[in-house]
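The values are calculated or read from the model by the stated rules, or taken from the named source; none is laboratory data. Note that this is a predicted model, so its numbers are computed, not measured. Cβ: placed from backbone, ideal geometry, glycine included. Neighbour counts: every protein chain shown. Each accessible area value is taken on the protein alone, full model and side chains, heavy atoms only, with ligands, DNA and RNA left out. Shrake-Rupley method; radii C 1.70, N 1.55, O 1.52, S 1.80 Å.
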Amino acid sequence: MKKVITYGTFDLLHYGHINLLRRAKKLGDYLIVALSTDKFNWESKHKKTYFSYEQRKKLLEAVRYVDLVIPEENWNQKITDMKKYDIDTFVMGDDWKGKFDFLKDENVKVVYLPRTPEISSSKIKRDLYDADELTQETKTEHNELNTHPE
């Protein structure tokens, strides 16, 4: 069985994430996602997530391409993970190109897949923030709407 692994935060799961997971799964038989913990995101990546680790884990486990979700707790666990899970292929988005080539020394194929260019969690957050700023005065709550016309 050919095992593939990828790493990430996967906050605000979107079709760019699904594209990455689908393409990663095509490279093998079994896909492991190492999901960054809340502590790792905050302390090492300086990134705050919208969803907690447990919520993000449940979302990923619901994706048909994902076979196993494990915690990513630090930058240094990758070599250990390659051995522990007997990984054949390591996959990341091409924005990380070259950063993980050292894994080739562990007899692991390293693949950098092109990102889906028009989408990212950061873009979603910016777009929602901008939209909220524009519509703050005209925002209507659900309880204010008449949904039963007479």
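Among the residues of region 107-117, is any modelled with pLDDT under 95, among the hydroxyl-bearing types (Ser, Thr, Tyr) and either in contact with an Asp or Glu (Cβ under 6 Å, 6 or more places away or on another chain) or under 16 Å from residue 13 (Cβ atoms) (or both)? Yes, region 107-117 contains a residue that is modelled with pLDDT under 95, among the hydroxyl-bearing types (Ser, Thr, Tyr) and either in contact with an Asp or Glu (Cβ under 6 Å, 6 or more places away or on another chain) or under 16 Å from residue 13 (Cβ atoms) (or both). Only residues that are acidic (Asp, Glu), open to solvent by 10 Å² or more (accessible area, probe 1.4 Å) and either in contact (Cβ under 8 Å) with a residue 60 or more places away in the chain or touching a strand residue (DSSP E or B) at 6+ places or on another chain (Cβ under 6 Å) (or both): list them for region 66-77, please. Hit for region 66-77 is 67, nothing else. Scan region 97-114 for residues that are surrounded by fewer than 16 Cβ atoms within 10 Å (Cβ to Cβ) and farther than 15 Å from residue 25 by Cα and the total you get is 9.
When you check residue 27 against the structure, is it of a type in the set (A, V, I, L, M) and either in contact with a Phe, Trp or Tyr (Cβ under 6 Å, 6 or more places away or on another chain) or part of a helix (DSSP H, G or I) (or both), yes or no? Show your work before the answer.
Values: of a type in the set (A, V, I, L, M): yes; either in contact with a Phe, Trp or Tyr (Cβ under 6 Å, 6 or more places away or on another chain) or part of a helix (DSSP H, G or I) (or both): no.
Answer is no for this residue.
Selection over region 13-49 of residues that are touching a residue at least 60 places away in the same chain (Cβ under 8 Å) and farther than 28 Å from residue 1 by Cα gives a count of 1. With respect to residue 18, determine if the residue is surrounded by 18 or more Cβ atoms within 10 Å (Cβ to Cβ), under 13 Å from the mean Cα position of the chain (by Cα) and within 18 Å of residue 111 (Cβ to Cβ). When the stated conditions are applied, residue 18 does not pass them.
Every condition in (1) open to solvent by less than 30 Å² (accessible area, probe 1.4 Å); (2) in a loop (DSSP other than H, G, I, E, B); (3) touching a strand residue (DSSP E or B) at 6+ places or on another chain (Cβ under 7 Å) holds for residue 56 except the one numbered (2). The set of residues in region 85-96 being open to solvent by 40 Å² or more (accessible area, probe 1.4 Å) and closer than 20 Å to residue 40 by Cα consists of 95, 96. Only one of 37, 80 is among the hydroxyl-bearing types (Ser, Thr, Tyr) and surrounded by fewer than 19 Cβ atoms within 10 Å (Cβ to Cβ); which? So the residue among 37, 80 that is among the hydroxyl-bearing types (Ser, Thr, Tyr) and surrounded by fewer than 19 Cβ atoms within 10 Å (Cβ to Cβ) is 80. Within region 73-94, none of the residues are modelled with pLDDT of 95 or more, over 14 Å from residue 108 (Cβ atoms) and hydrophobic (A, V, I, L, M, F, W, C).
Conditions (1) part of a helix (DSSP H, G or I); (2) on the phi < 0 side of the Ramachandran plot; (3) touching a Ser or Thr at 6+ places or on another chain (Cβ under 9 Å); (4) without any contact (Cβ under 8 Å) to a residue 40 or more places away in the chain, marked per residue:
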position: 81; (1), (2), (3), (4): yes, yes, no, no
position: 91; (1), (2), (3), (4): no, yes, yes, no
position: 98; (1), (2), (3), (4): no, no, no, yes
position: 112; (1), (2), (3), (4): no, yes, no, yes
